[in-house]
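Worksheet for the structure shown next.
Just so you know, all these numbers are worked out from the coordinates, no wet-lab data involved. Values in this document were obtained by computation on a predicted structure and should not be read as measured data. Every residue, glycine as well, gets a Cβ built from its backbone with ideal geometry; the counts of neighbours run over all protein chains shown.
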Amino acid sequence: MKLLLLYWAFLIAGYILGARIRKAGKTMGPLPTFMLVTVYCLCFCMGMRMGVNEQVTSNLGVIGLKSLAITIFCVAGSMLSMFGLRKIFRMDRYGNLLQRQAGSRLPSAAEEPADPEHAPGPEAGDKDSSSDIRSTVILLSVVIIGMIIGAFLLAPRGDMFLQWFDGSSNLAMIILLCILMTLVGLDMGSSGEVIKNIRSAGCRVLAFPVASMVGTMALGIAVCLLLGFTLRESAAIPIGFGWYSYAPVVIANAGQQYIVASAVSFMHNVIREVSGIVLIPLAARKIGYLEAASIPGIAAMDVCIPIVGRSCRPDTVIYSFAIGAIMCAVTSVGVPLIMGI
């Protein structure tokens, strides 16, 4: 909770500063470049932390395949629920409300009006698509390089070093996240559209996280049961919502009989967070901004916020942060309750 308040403080401070810069008629300069560089540093650090963790490097094979299957179903359930709720609220793929004009019918999904700023022509679209793919490949490569360095260069250096690295890398990630939140706040403040969109969104800001969780749990529990897990394990694994440093530990603490479920939970949550880094740009381009923001789960409120802001619009960050924050609260209470701890 303290870190959540800290991140919010930097986000608000950045927003206030960005609003003042906008009112002064000044530009933000190379802000997107700073955000991207910070994202690369954060992903590299995360990759190294994953590489030195023996649970990641040793629990591959069958456990990895089960974790991948669970992640696919959880992410699909989340995106389907977000898509359905967006249609119920009559919002287009950019998160805009489709207003009913007097004497006219509401346009269907196939007729949704294009956002002039976010629906470029064919040539620009091809360029943006290539840029999304390139960014996805670079981000994935940074994570993989970090994992390789962590597994082969850092992990063999002994327990004392690993304890120091764990504390230092954790602090580095907190600092990087604070920087990112400030940059995101600057971007939101300089756009001048956030407050207007929050007022327009209203209760929808809270409704979409609920939809994402319901979709995740529905398909997540179903696939876990099909893979042979008990009902308790099948509920505890998907409710981690990408929190790989918390949910697996709570599951493991419930007893040795849950050790396999704990390992699968860890791998699934890691894969879900990484899938957010990899898939958000493509999902935002091909499916919808709100659906893309739901992919990483809890990481939508920190690690993936800059990717959401860059791939979507600044106001989409509000939905992204709400998804992650509400999931975080539900996970912190839900996993212990399910496991009876």
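Miscellaneous remarks
- Point-to-point label distance, ALA329-SER58, nm (Cα→Cβ direction, 7 Å offset): 3.8
- Label positions at LYS23 and VAL205, each projected 7 Å from the Cα along the C-beta direction, are separated by 2.0 nm.
- With the alpha-carbon atoms of the stretch 173-329 aligned to their principal axes, the span from lowest to highest coordinate is 53, 31, 26 Å, starting with the largest.
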